[in-house]
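Contents: one structure, followed by commentary.
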Amino acid sequence: MVTFKIERFNPDVDKAPYFQTYEVAAGKEMSVLEALFYVVENLDGSLAFRYSCRGAVCGSCAMRINGKNRLACQTLLKKLKSPVITVSPLPHLPIVKDLIVDMDHFFKNYEKIKPYLVNNTSAPEKERRQSILERAKIDEMIACILCGACFSACTVAATDKKFIGPAALTKAYRFWADSRDNLGDERLALVAGEHGALRCHTLFNCAEACPKNIVPTYSIQQLKGGLVKCRFSKPAK
Amino acid sequence: MGLHHQVIVVGAGLSGLRAALAAQQDGLDVAILSRVHPVRSHSIAAQGGINASLANAEGGRDDNWEKHAFDTIKGSDYLADQDAVEIMTKEAPGIVYEMEHWGTPFSRTIDGRIAQRPFGGAAFPRTCYAADITGHALLHTMYEKSVKEEIKVYEEYLLLSIVKHDNACVGIVALNINNGEIIAMSADAVIIASGGYGRIYGNSTNALINTGSGMAAAYLSAGVPLKDLEFVQFHPTSLYGTNILITEGARGEGGYLFNNRHERFMKNYAAKAMELAPRDIVARSIQTEINEGRCYNNAYVLLDLRHLGRKKIMERLPGIRDICLHFAGLDPINKPIPIQPGQHYSMGGIDTNANGETSLAGLFAAGEAACVSVHGGNRLGGNSLLDTIVFGKLSGHFASGYVKAKKKNAADQALQAELAKVKAKVSRLENSAGKENPAKVRSELKTTMMEEAGVFRTKAKLEAGLAKIKELKERYKQIHLLSKIKKYNLDLVRNLELEGKLALAEVIVLGALKREESRGSHFRTDYPTRNDEHWLKHTLAHHTESGPRLDYKAVTITRFRPQARTY
């Protein structure tokens, strides 16, 4: 048996979140997500959490497990090496119910950076050519699954509600660095200002939290460099 | 009246998003209703690639749509409708270029073109890929496009019923998972793009949300037939333990399959194509090795990538490596991967034509939820991503054509009546004092489907399966919920889905029992050969109170006469 301490909160009835303890009959290879299903099926049908792929690609089940933001599906109990496992929702996001958080704010930030390829030259009949090296520049960034683990781990995002955050900035870099995109400096303008890339304190919390081993700090630093260069080439009046 | 959209698309994976983009481009008011946020949809999990005869790869310069069509039809064991396959394979290059223009980060050739890799059942490297996260790359691009075009999405809604009036589809009834409210939405056309039912089976590569809710609603509430549901694809290589998909691209890049005697056993089953025979053949070969004991732990064989070397694995198969590291605790750079067949895809689905039209006016379907049929008895790897986008787009355009030509249909009463009916049903479920544990019903269904309707089937197994499903359907009526909470009631959601799963399972098993031949993924050890004389036809299952009623319809054959299928 493994003891699970799970944070519960239903804003319709509860005044504040509280922890509830469950004893889970854990199999050798059980993941935290499977343990949550065990609770729902055997102990408490009212527990709520998000799930979909159970293979660490859809980004549904990011939550805080033993003090770190992780994907529940990708976290095997045996790796936690802990007799008590504490599970709570992603911090710094409003709780919808139990382990489910409101991701609206996260996706609004994402939408701010024009998260799509822009190329205003007419499309060729076939593909736009891109060299292997050009494509390699964005290889790490395209693995992002938009789970929000980085955003929730970011202390700057926690204190500045307008900060675009590491996931959206990584996406911004992904398009800025894509040889097929020609929005150029306009992309930088989208991440300029006091709530943009320059706000990042390079604490690397985002990188530590990322379940896909992406280092958003790298993308953010590239954007910062671009912004500074822009400023030198076009001095402010 | 409450909510109305001209077109409602159910499902926000590749086919649903593409359908919505097409209909909105035609000037219609469109909304998507989805069980999850779009990027959580199961399209995200596709790995290996999307087929199109771009002729970019060395060794594939002679490729064209006809060769792609032939491979697809031969792969289907001649059950695919050849006119539909022609449409899909002709559209393929344009679809892939369009996705590239919208931003999909495909891997590249030395000269900067879209890279293509070999896949099973294809004569050429035809599968366009983005490393081994092609579904992820395509779904994110499609989602990005939908953000740009401001497509409206109702997130976290479960479809419960499709409403008809005057022999036309007039809307839907759905559960808002967030607050437990059951609502009716009227629409001039509805497109079902909610994917497959993989979670009926125990060992499945599918996302946990793949419960077939759209297929079930079309069958149970709209009364449209399901086609060829007995054709269930088992992917040869799912990770032992979790059954997470290990892409066919792993074999496309040169991976070997070994049994416990360190023998590349595919030489005994498909001497020419070896590991790159189509999925049905490789899955049966692996299952035979397992059944005959040339395996490990009575359960798996090995997929060996070690000879590909670190560089190739890191470049082409990084996602597979991550999956192995996290879920199996091994690194494929220095250890072979334990694999076994797992349910993967439904060739069957809602009966549609190539326009996405069903037998009910105003109801359309696309993607895995639909059966056009372009995959027939067995789908080739790389053809499902293609299917989702091609037929998503076409169904979106045909739905808008239908809406523009249609007369107004005063459907308010029909919607309210169906809403009341569904509310009463849900309330019965919520208040049931039955003794049955739903988790048990769900898990027995999964075991039954694996054992009685799996890779190898017999009359006796299928009959046992059918009897068990009938028993489970009775027991379902006696289940009780563990929670009556309104907000995010997973217990309620999963047990509403269970009703549809049971209905689909019954159709799969009955179709398989009646089809006394072996074709594609449907293999009857008591009828081990294909029988074109009697069975070159599609199964259609119609819902009745006493269970499915089956009839059949002809396969469209245009240019490729059925011939023996060897690899």
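Quick notes on this one:
- Taken one residue at a time, the phi angles of the range A:68-80 give Karplus couplings (6.51, -1.76, 1.60, θ = phi - 60°) of 9, 6, 8, 8, 4, 6, 8, 9, 7, 4, 5, 6, 6 Hz. Gly and Pro are set to x.
- Whole-angstrom gap from the range B:161-207 to the range B:248-297, using each part's C-alpha centre: 38 Å
- Trypsin sites (Lys or Arg not before Pro) restricted to DSSP loop in the range A:15-59 with at most 10 other C-beta within 10 Å: A:Lys15, A:Lys28
- Reach of B:Lys67 by Cα under 12 Å, taken over aspartates and glutamates that are not fewer than 8 positions away in the same chain: B:Glu86
- Taking amide H positions as modeled 1.01 Å from N, with prolines and chain starts lacking one, the residues under 5 Å from B:Cys371 and 5 or more places away or on another chain are B:Gly349, B:Ile350, B:Asp351, B:Thr352.
- Nearest-ten-degree value, helix B:459-476 long axis tilted from longest Cα axis of chain B: 40 degrees
- Shape category assigned to the range A:104-233 from the gyration tensor of Cα positions, a/c cut at 1.5: prolate
- Lysine pair count for the range A:104-233 [Cα-Cα under 18 Å; pairs on different chains or 8 or more apart]: 17
- Within chain A, the longest run free of GluC sites (Glu not before Pro) that sit in a DSSP loop with at most 11 other Cβ atoms within 10 Å is A:1-124.
- The mean number of Cβ atoms from other chains found within 10 Å of a Cβ in peptide B:98-104 is 5, as a whole number.
- Percent antiparallel among DSSP beta bridges (both partners in chain B, rounded to 5): 70 percent
- Neighbour-count ranking [beta-carbon atoms within 10 angstrom, fewest first] of A:Thr75, B:Thr447: B:Thr447, A:Thr75
- Axis angle, to the nearest 10 degrees, between helix A:216-233 and the longest C-alpha principal axis of chain A: 20 degrees.
- In terms of its C-alpha gyration tensor, the range B:191-263 comes out prolate, because a/c is 1.5 or above and the ratio a/b outweighs b/c.
- Loop trypsin sites (Lys or Arg not before Pro), the range A:63-127, which have at most 16 other Cβ atoms in a 10 Å radius of their Cβ (DSSP): A:Lys81, A:Lys126
- Span from the the range A:136-170 Cα centroid across to the the range B:88-123 one, whole angstrom: 29 Å
- The protein assembly as shown - share of DSSP beta bridges that are antiparallel (%, nearest 5): 70 percent
- Dipole of the range B:1-71, positive end: most advanced residue of B:Gly60, B:Ala45, B:Gly27 [Cβ charges, Cα centre]: B:Ala45
- Against chain A, whose longest principal axis comes from its Cα atoms, helix A:166-176 is set at around 30 degrees.
- The helix-based estimate of mean residue ellipticity at 222 nm for chain B, built from -39,500 (n - 2.57) per DSSP H run of four or more residues and divided by its residue count, is -11500 deg cm²/dmol to the nearest 500.
- Dipole axis of chain B (+1 Lys, Arg; -1 Asp, Glu on Cβ), positive-most option in B:Ser238, B:Asn260, B:Val493: B:Asn260
- Percent of Cα-Cα distances greater than 39 Å, calculated over chain B: 22 percent
- Distance from the Cα centroid of the range B:417-494 to that of the range B:508-567 is 27 Å (rounded to whole angstrom).
- Cα gyration tensor category, rounded, prolate or oblate, for the range B:348-460 with a/c compared to 1.5: oblate
- Per-pair calculated FRET efficiency, R0 = 25 Å: B:Glu58 and A:Ser122 via Cβ, rounded to 0.05: 0.25
- Put a plus charge on the Cβ of each Lys and Arg, a minus charge on the Cβ of each Asp and Glu, and nothing anywhere else: the dipole of the range A:1-91 about its Cα centre is then about 480 debye.
- Calculated over the protein assembly as shown: convex hull of Cα atoms, volume per residue (Å³): 162 Å³
- Among beta bridges from DSSP that stay inside chain A, the antiparallel ones total about 80%.
No value in this document is a laboratory result; all are computed from the given coordinates. Computed from a predicted structure; not experimentally measured. In this analysis, Cβ positions are derived from the backbone assuming ideal geometry, glycine residues included, and neighbour counts consider all displayed protein chains.
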